[in-house]
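What follows is a set of notes on a single structure, which appears directly below.
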Amino acid sequence: MTANRRPRSAPDDRELRLWKVGRALLVTFAAAVLGAGGVFYGLVYLLDVQEIDRTAKLDASTLFDLVKLSFGVVAGAGALVALVVAYRRQRVDEAGAHREATRLHTERFSQAVDKLGSDSPAVRLGGVHALAGLADDAPDDNLRQTCIDVLCAYLQLPFTSDPGSDPAHQEEHHRYLALRKARHTILRLIGDHYRRPKGTHRSWQGCDLDLTGVTIDGSTNFDGAVFSDGTVSFDGAVFSDGTVSFDGAAFSGDTVSFDGAVFSSGTVSFRDATFSGSQVSFRDATFSGSEVSFHGSVFSSGAVLFGQATFSGGMVSFGDAVFSGGTVIFDSTVFSGGTVPFGDATFSGGTVSFHGSTFSNGTVSFHSATFSGGTVHFHGSTFSGGTVAFGRARFSGSTVPFDDAVFSGSTVPFDRAVFSGGRMSFGDVAFSGGTVSFESTTFFGGLVSFDNTRFSGITVPFGSTVSFGPAVFSGSLVSFHGATGPAPVGLVAAVGTPLPVEVTLPSGWLPPSP
């Protein structure tokens, strides 16, 4: 009996709160009485100072008025005391309600987590919905984040791959499908909650979302989701099947990361997505077989990073995308296979960088793209294979430098492109293999520079061919100052004689004077 008896504790919280309230009430009441007395004697003194018949004594009527005024002050003080007491009671009630809500949340949380760890797939699925409901009803943001973290951790757990439909493994196959259903349900719930306006019930916007290393092997819908605050991580995630859609999603704040993600099959779509303030990173990502689309996306501010990513298969499309601000980085990216079209894209502001990238296979196309502002540079890039096409592109205001690039094997056509403004530079470029073509290109504005360019492959078997026939030079400033090697095919004929003042060619390329 003695062992089970609980030790006598200090006064509990309720007694302590009542004692504090009583003390505050006593102090406030005493202050009110003292204040009333001070008012009474103050008024008497004031009347005396004003010299209202200093020789006369206060009559009963005046004294009665002073007493009424003093009691009025006391009544006001009492009302103040009542207000203070009511406020403190409300605070105590609110704190108690919050503690009770937290206690109930903790109990429900423990039950939901137990369900999530059940051996029964059906019970696990119930645990998923229970945790999502708890996140919706959480009394504060920290408890909501805890529920979301547990759901994300469940997605990160290793799972046994599908044993197949062999009758000998039918039970394992059914179990795999049931657990896969639970994972896909979590992803669906995440998409649903990130679509809801921030600040409304059931909205998870602003919470962190850690999906590091998860495998997404089925269709998932994040259409219209808003990632405006918090940190969202798909680092190392594997997109291996189905369709994962971020169509119309808005990335407007904080950080969203796909670093090291693998897009190996299926479809991942960012069509019409808006990147307006956040940092969205695909550094070291591998695009080896999926179809990934940024068609119609708008890059208006912030940063989108593809540095050191590898495009080795499949298609990654930026068709009709708008680059109007911010920074999009493809530095040191490897294009070794697949297709990456920027067809009809608009580059009107900001910076798009392919610095140090390698184009060794596959097709990268800027067909009919518009370069009207900002900077798109290929400084130090290597074109050793495949095709990088600028056919029918329009250069009217951007700065597009290819300085120090190496063209040793790719096919790079600028056929029918129009240079009407801005600046394009091929300074110190080496053309030693492949084909670079400016056929039917029109130069009538801006500056195109080939200063110190080396055309060394033209005299080598299977070497480079740089062709300008039949280009039109009608107004641009085009400079080949310091260029070496034979004149590119068709260049002199396209420029015409006598040489226009806007075109600078090495003297060795000019026909002998008659």
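The values are calculated or read from the model by the stated rules, or taken from the named source; none is laboratory data. Keep in mind it's a predicted model, so treat the numbers as computed, not measured. Because the Cβ atoms are built from the backbone with ideal geometry, glycine has one as well, and the counts that use them run over all protein chains shown. The accessibility values were calculated without ligands, DNA or RNA, using every heavy atom of the protein model including side chains. Shrake-Rupley method; radii C 1.70, N 1.55, O 1.52, S 1.80 Å.
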Filter pass, Thr160 being within 21 Å of Cys207 (Cα to Cα) and hydroxyl-bearing (Ser, Thr, Tyr): no
Residues that are surrounded by fewer than 19 Cβ atoms within 10 Å (Cβ to Cβ) and out of contact with any Asp or Glu (no Cβ under 7 Å at 6 or more places or on another chain), drawn from the stretch 252-271: Ser252, Thr255, Ser264
Yes/no for Phe407 being under 24 Å from Ala309 (Cα atoms), outside any loop (DSSP other than H, G, I, E, B) and touching a Phe, Trp or Tyr at 6+ places or on another chain (Cβ under 9 Å): yes
Subset of the stretch 287-316 (residues that are over 19 Å from the mean Cα position of the chain (by Cα) and among the polar types (S, T, N, Q)): Ser288, Ser290, Thr310, Ser312
Any hit, the stretch 98-105, residues being closer than 29 Å to Asp223 by Cβ, surrounded by 12 or more Cβ atoms within 10 Å (Cβ to Cβ) and of a type in the set (A, V, I, L, M): no
The lone exception for Ser425 - which of (1) open to solvent by 40 Å² or more (accessible area, probe 1.4 Å); (2) of a type in the set (Ser, Thr, Tyr); (3) over 30 Å from the mean Cα position of the chain (by Cα) it fails: (1)
Some residue of the stretch 216-229 being modelled with pLDDT under 95, out of contact with any Ser or Thr (no Cβ under 8 Å at 6 or more places or on another chain) and open to solvent by 50 Å² or more (accessible area, probe 1.4 Å): yes
Any hit, the stretch 363-375, residues being hydroxyl-bearing (Ser, Thr, Tyr), open to solvent by 10 Å² or more (accessible area, probe 1.4 Å) and not in a strand (DSSP E or B): yes
When residues of the stretch 156-202 are limited to those that are over 20 Å from Leu131 (Cβ atoms) and either at pLDDT 90 or above or β-branched (Val, Ile, Thr) (or both), the one least open to solvent (accessible area, probe 1.4 Å): Pro197
Residue match in the stretch 281-301 (condition: surrounded by 23 or more Cβ atoms within 10 Å (Cβ to Cβ), in a strand (DSSP E or B) and touching an Asp or Glu at 6+ places or on another chain (Cβ under 6 Å)): yes
Single match in Asp119, Asp114 (criterion: closer than 30 Å to Glu172 by Cβ, out of contact with any helix residue (DSSP H, G or I) (no Cβ under 8 Å at 6 or more places or on another chain) and either open to solvent by 90 Å² or more (accessible area, probe 1.4 Å) or modelled with pLDDT of 70 or more (or both)): Asp119
Residue in the stretch 232-244 that is more than 22 Å from Cys147 (Cβ to Cβ), buried (at least 20 other Cβ atoms within 10 Å of the Cβ) and under 11 Å from the mean Cα position of the chain (by Cα) present: no
